[in-house]
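In what follows, a single structure is set out as structure tokens and then discussed.
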Amino acid sequence: MNAAIAGIGATEFSKDSGRSELRLAVEAVRAALDDAGLRASDVDGLTTFSMDDNAEIAVAREIGAGELTFLSRIGYGGGAACAIVQQAVLAVTAGVAETVVCYRALNERSGRRFGQAGVPPGLDASWHYPMGLATPAAQVAMVAQRYLHDYGATTDDFGRVTVAARRHAATNPAAWFFGRPITLDDHRASRWIAEPLRLLDCCQESDGAVALVVTSAERARDLRRPPAVVRAAAQGSGPDQFVMTSYYREEVAALPEMGVVARQLWGRSGFRPADVRAAVLYDHFTPYVLMQLEELGFCGRGEGRHVVTEERLPINPHGGQLGEAYIHGMNGIAEAVRQVRGTAVNQVPGDGPVLVTAGTGVPTSGLILSGA
Amino acid sequence: MSEVTETIEAAGRRIAEAGLSAARPARDPVNRPAIRDWLAAIGDDNPRYEREGLAPPAMVQVWTMRGLRPSAPDDADPLRVMSDVLDEAGFTSVVATDCAQTYHRYLREGETVAVRSRLTGVAGPKRTALGEGWFVTTASTWEVDGEPVAEMRFRVLKYRPGATAPARADPIRPVTGPDSAFFWAGVDAGELRIQRCGKCGALRHPPGPGCPACGAFTPEYVVAAGTGTVHSYVVHHHPPLPGRRSPVTVALVDLDEGVRMVGELRGTRPAIGDRVQVTFADGLPVWRPAGIELPRWDLAVTPTVIISSALATRDFQDVHHDRDAAVRRGSRDIFLNILATTGFVQRYVTDWAGPAAVLRGIEIRLGAPCHPGDTLTFTGYAHGDEVAVAGRTATGEHVSGTVRVTS
């Protein structure tokens, strides 16, 4: 594949941005273009999440871009994060656009909070929401409970994911939880949200925006920053897939959609799990970090907790969405780019590839990035 | 944090740190006249109490109630002391919300009980349907000559009358369409329906327009037996669900027919592998522990029922006998007190289980208040040593809980 992420940009991460989501989007896009050394007039493609409330044309107007030849959106919430980069890569390599900006802007704490009980449109929700499964945490908890039962894991194993994330965030000045590490006892003492999940198993709610500039790897090499070459990009949906409630498969305690992504990522990139220097795993809820490790092939089924306790793999060096911010997975892609460049605040040494994943429990996506 | 909140929380900490109170003896020994009045008010014909000289277990709290004109301020009762603090802060109304009693043995006529209590929690300020208030939780032990005979966890809401209550949100309702209408019509008819392909016979849930197995667009349905096994479950605590009281337990059930279905699970703290059976409530399938269904009991709640049971439980709060006072405090009429509700729950279970049954505990939560003119309908399911009981009025669930019983 012949495309790269040439620029990254973000706003501050907060609980109350005090600005419109469109303004956040524009700030992040401008920052990403500056980072790449490109101008707004260079942009000919824009891609974002179906859930993003900022129209591509509004962003284009506000940054002062001219003509666009590629506009694209991907559904399924946070599952879109790496998939919108894949859209950009496909557009660039197909020659339909030269400079595509991927963006996501949300006032998710001061505006519409995803953690509150609400009903999405559509018939699928009627089998779950009226019965009391009306929040993402509760929907994940159903899978988590079965995971504990099937594999003998404990809620402490979930807690260790958060403890690690908060340790990393504690040394990341951009993180909301900068300077605020926690202990396993803090996790144990945090209140139940949806048993078996506690408050500290759930990611934050954040205001902020992230943007990424994608262009050809060849062109990226001539720009301001070292390129993060996209070695593989993949999207995946499993059999009998639902949004957050894929309870009707034989095996409930699994994320086969991430398995679909994993097989493509390893197959296309030629890398293996052992090659990976650092993994940025979508951490909206701690159990899904463990289950992703299993689906991605870092360990066997039910063994994700050992990867975490034995610190076999650097995971979310920026603090993840548990520690840095919840920008729907986009801040994780920016972190992967910094790791490839060697400019991350908690830099993982080495030159191996960096893996990034998008939201799980929904049709999802992933990327493998490395230097030129 | 406001100054009032700080004052209340500081008082709560001080009272909690003081720990277990001194024993407060009952004014009178356990006696037959009081037992007879209580049995009459509750309508409990169980002959065992009089025959064996025993007190009904649900009466335990009655013996240490302070009466209409307490002789001295009860500084030893942490609930009383905490209530005074909240009264002072303007949270002058009270309603009991939870009561979990454990009975080590039944009391005998002539025994004098004493109670010791400690404050275990003060949480607030919370916005509730009644207005802004504080939840106060206490733990009590009743003793006879130092021997513990019963324990109770008790929670009340002390609230500010007349404070603006948040509008009660409507519960989330299912959306139906041509592919799922049969299922919801089934719920209305008291049937749990599973889609079956008219061509290949494959069962599926959730349903759809056709059959993913063979491709036919000939959906039919079968009526499920309504029994299954818990595959997984969730206990939802936060945030609040519209129109519901947390916690809400939701189970993923493997139906015996082979499909899986999500539904609320009531009346038990589940474990994976538990057997459950379906019932229907509020237009939804609701799961219960598999077991014996108790006969339904309709109690016509008259002013006499409310007032006689309040007095027989020695609860002289004006809201249980004085309509004007109840209205002044924001209620539409007088309402049943929690000691009486506990008594009715006891009666419902022993009427079914028979006079030989021994109650080990009653744990209830109160919801919608029960007023004169209401019909309070009790339903129950027995599984093992537990009976899950619910009592509903036209406005909603008045009480839900569990009774532990051995025979």
Any chance you could count how many residues in segment B:269-283 are within 13 Å of chain A (Cβ to nearest Cβ) and surrounded by 19 or more Cβ atoms within 10 Å (Cβ to Cβ)?
3
It is to be established whether one or more residues within segment B:166-176 are buried (at least 18 other Cβ atoms within 10 Å of the Cβ), within 14 Å of chain A (Cβ to nearest Cβ) and either farther than 30 Å from B:Pro239 by Cα or modelled with pLDDT under 95 (or both).
yes
Per the list (1) within 19 Å of B:Val230 (Cα to Cα); (2) away from chain B (no Cβ under 14 Å), residue check on A:Leu148 breaks on (2)
Can you find even one residue in segment B:291-302 that is over 30 Å from B:Trp38 (Cα atoms) and either away from chain A (no Cβ under 13 Å) or surrounded by 21 or more Cβ atoms within 10 Å (Cβ to Cβ) (or both)?
yes
Collect the residues in segment B:320-332 that are buried (at least 16 other Cβ atoms within 10 Å of the Cβ) and under 20 Å from B:Glu397 (Cα atoms), keeping them in residue-number order.
B:His320, B:Gly330, B:Ser331
Between A:Val96, A:Val89, which is part of a loop (DSSP other than H, G, I, E, B), more than 11 Å from chain B (Cβ to nearest Cβ), farther than 30 Å from B:Gly243 by Cβ and not polar (S, T, N, Q)?
A:Val96
Odd one out for A:Gln87, checked against (1) crowded, with 24+ Cβ neighbours inside 10 Å; (2) touching a residue at least 60 places away in the same chain (Cβ under 8 Å)
(2)
Select from segment B:206-247 the residues that are within 16 Å of B:Gly263 (Cα to Cα), in contact with a helix residue (DSSP H, G or I) (Cβ under 8 Å, 6 or more places away or on another chain) and not aliphatic (A, V, I, L, M) and list them in ascending order.
B:Pro206, B:Pro207, B:His231, B:Ser232, B:Tyr233, B:His236
Failed condition for B:Gly19, given (1) within 26 Å of the chain's Cα centre (by Cα); (2) at positive phi, with all others met?
(1)
For residues that are in a loop (DSSP other than H, G, I, E, B) and crowded, with 24+ Cβ neighbours inside 10 Å, tally how many sit in segment A:277-291.
4
So for segment A:154-164 (the condition being surrounded by fewer than 23 Cβ atoms within 10 Å (Cβ to Cβ) and within 14 Å of another protein chain (Cβ to nearest Cβ)), does at least one residue qualify?
yes
For A:Glu195: the one exception among (1) more than 10 Å from chain B (Cβ to nearest Cβ); (2) among the charged types (D, E, K, R); (3) out of contact with any Leu (no Cβ under 7 Å at 6 or more places or on another chain):
(1)
Cβ-Cβ under 7 Å, sequence separation 6+ or interchain: first residue in segment A:113-127 and facing chain B (nearest Cβ under 8 Å), partner among the aromatic types (Phe, Trp, Tyr). Which pairs?
A:Val119/A:Tyr129; A:Asp124/A:Phe242
When the residues of segment B:349-386 are filtered to those that are among the β-branched types (Val, Ile, Thr) and either more than 18 Å from B:Thr279 (Cα to Cα) or in contact with a Ser or Thr (Cβ under 6 Å, 6 or more places away or on another chain) (or both), which remaining residue is surrounded by the fewest Cβ atoms within 10 Å (Cβ to Cβ)?
B:Thr375
Within the bounds of segment A:326-338, is there any residue that is touching a strand residue (DSSP E or B) at 6+ places or on another chain (Cβ under 9 Å), of a type in the set (S, T, N, Q) and modelled with pLDDT of 95 or more?
yes
Out of the residues in segment A:91-102 meeting the condition of being surrounded by fewer than 19 Cβ atoms within 10 Å (Cβ to Cβ) and not small (Gly, Ala, Ser), tell me which one is nearest to A:Leu355 (Cα to Cα).
A:Thr93
Need the failing condition index for B:Thr141 against (1) among the hydroxyl-bearing types (Ser, Thr, Tyr); (2) over 27 Å from B:Arg347 (Cβ atoms); (3) not in a helix (DSSP H, G or I), just the number.
(2)
Residues that are in contact (Cβ under 8 Å) with a residue 40 or more places away in the chain and within 20 Å of A:Cys82 (Cα to Cα): find the strands (runs of 3 or more DSSP E) completely inside segment A:188-260 holding 3 or more of those.
A:207-216, A:228-236
Could you figure out which of (1) touching a residue at least 40 places away in the same chain (Cβ under 8 Å); (2) among the polar types (S, T, N, Q); (3) surrounded by fewer than 20 Cβ atoms within 10 Å (Cβ to Cβ) isn't true of B:Thr218?
(1)
Go through segment B:230-340 and tell me which strands (runs of 3 or more DSSP E), entirely inside it, have 2 or more residues that are out of contact with any strand residue (DSSP E or B) (no Cβ under 8 Å at 6 or more places or on another chain).
none
Out of the residues in segment B:79-97 meeting the condition of being in contact with a helix residue (DSSP H, G or I) (Cβ under 7 Å, 6 or more places away or on another chain) and assigned to a helix (DSSP H, G or I), tell me which one is surrounded by the fewest Cβ atoms within 10 Å (Cβ to Cβ).
B:Val81
Given (1) of a type in the set (Asp, Glu); (2) within 14 Å of chain A (Cβ to nearest Cβ); (3) free of Cβ contacts under 8 Å to residues at least 60 places away in the same chain, identify the lone condition not met by B:Glu88.
(2)
Look at B:Trp134 and say whether it is touching a residue at least 60 places away in the same chain (Cβ under 8 Å), within 23 Å of B:Val305 (Cβ to Cβ) and buried (at least 20 other Cβ atoms within 10 Å of the Cβ).
no
Condition check for B:Val349: modelled with pLDDT of 95 or more and within 22 Å of B:Arg153 (Cα to Cα):
yes
The residue that is nearest to A:Leu133 (Cα to Cα), considering only those in segment B:226-250 that are modelled with pLDDT of 95 or more and more than 7 Å from chain A (Cβ to nearest Cβ), is B:Thr249
Tell me, yes or no, whether segment A:294-310 has at least one residue that is crowded, with 24+ Cβ neighbours inside 10 Å, within 15 Å of the chain's Cα centre (by Cα), outside any loop (DSSP other than H, G, I, E, B) and not charged (D, E, K, R).
no
Specify the residue that is nearest to the chain's Cα centre (by Cα); the eligible residues are those in segment B:251-268 that are closer than 18 Å to B:Tyr381 by Cα and facing chain A (nearest Cβ under 8 Å).
B:Glu264
Take the residues in segment B:98-138 that are small (Gly, Ala, Ser) and in a loop (DSSP other than H, G, I, E, B); name whichever of them is farthest from the chain's Cα centre (by Cα).
B:Gly110
Quick check: anything in segment B:387-395 surrounded by fewer than 19 Cβ atoms within 10 Å (Cβ to Cβ), within 28 Å of B:Gly131 (Cα to Cα) and either modelled with pLDDT of 95 or more or of a type in the set (D, E, K, R) (or both)?
no
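The values are calculated or read from the model by the stated rules, or taken from the named source; none is laboratory data. Quick caveat: nothing in here was measured; it's all calculated off a predicted structure. Because the Cβ atoms are built from the backbone with ideal geometry, glycine has one as well, and the counts that use them run over all protein chains shown.
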